[in-house]
Amino acid sequence: MRAKRCAWTWPALLLVLPVVPAPVARAGAPAGRPPPPAAVPAPSNAVPAVARVWPVGVHPLVVRGWEPPATPYGPGHRGVDLAAAPGDPVRAVAAGRVAFAGRVAGRGVVVVDLAGTGDPPLRTTYEPVRASVRPGEEVGPGEVLGLLEPTGAHCSGPCLHWGLRSGETYLDPLSLLPPWLLRAGPSRLLRVDGVPLP
């Protein structure tokens, strides 16, 4: 009698257990292991070094660098501050089209969409600037966009705030500069004519 009960119990257990399909071997993957996940391409924030000049001066002092915020509305510095004096010319760093030239919260702002940098194009911002250009104008590298206005409380001294965006993402504007513009360069001896010897 005991043997009969065991014979009836095993088939009942088999009906209760869930059916798990056996792993199927795929071409190129070892049998019994799941295939590796497909690589997801990372978003590209590569910035082409398209700048041909600094926006102010020849090699201005960076008063405050780029400090990206951890969250969209978090604290940080969404550009760089370059030492310059009020009245200094502010230049386009690369070729592009003026997207905006006017006042925002009482400060003069010029925005330039950079040519050949994708869709949407990379966008540079310059402030505080008294604009000498208008929206829609094409500008070349080194072309004057306006004159630097007094900074107010943004910097400890007069400065230009220079920013860079790709869509809604803020990027480091210094990445637009090729290495030869970032380096101060070696000292050069120049000829001096007409100066009497001591």
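Of V98, V56, which residue is part of a loop (DSSP other than H, G, I, E, B), among the aliphatic types (A, V, I, L, M) and either in contact with a Cys (Cβ under 9 Å, 6 or more places away or on another chain) or modelled with pLDDT of 90 or more (or both)? Selected residue: V56, the only one of V98, V56 that is part of a loop (DSSP other than H, G, I, E, B), among the aliphatic types (A, V, I, L, M) and either in contact with a Cys (Cβ under 9 Å, 6 or more places away or on another chain) or modelled with pLDDT of 90 or more (or both).
If only one of V112, V98 is β-branched (V, I, T) and either closer than 14 Å to A51 by Cα or open to solvent by 40 Å² or more (accessible area, probe 1.4 Å) (or both), which one is it? Before the answer, list the steps.
Working: V98 fails: either closer than 14 Å to A51 by Cα or open to solvent by 40 Å² or more (accessible area, probe 1.4 Å) (or both).
Of V112, V98, the one residue that is β-branched (V, I, T) and either closer than 14 Å to A51 by Cα or open to solvent by 40 Å² or more (accessible area, probe 1.4 Å) (or both) is V112.
Of the residues making up segment 133-154, just one is surrounded by fewer than 16 Cβ atoms within 10 Å (Cβ to Cβ), of a type in the set (A, V, I, L, M) and under 18 Å from V62 (Cα atoms), namely A153. Could you list all residues from segment 84-95 that are buried (at least 17 other Cβ atoms within 10 Å of the Cβ) and either among the small types (G, A, S) or under 22 Å from the mean Cα position of the chain (by Cα) (or both)? Answer for segment 84-95, where residues must be buried (at least 17 other Cβ atoms within 10 Å of the Cβ) and either among the small types (G, A, S) or under 22 Å from the mean Cα position of the chain (by Cα) (or both): A84, V90, R91, A92, V93, A94, A95.
The values are calculated or read from the model by the stated rules, or taken from the named source; none is laboratory data. Computed from a predicted structure; not experimentally measured. Cβ coordinates were reconstructed from backbone atoms using ideal geometry, including for glycine residues, and neighbour counts include every protein chain displayed. For the accessible areas, the whole protein counts, side chains as well, though only heavy atoms, and no ligand, DNA or RNA atoms are used. Shrake-Rupley method; radii C 1.70, N 1.55, O 1.52, S 1.80 Å.
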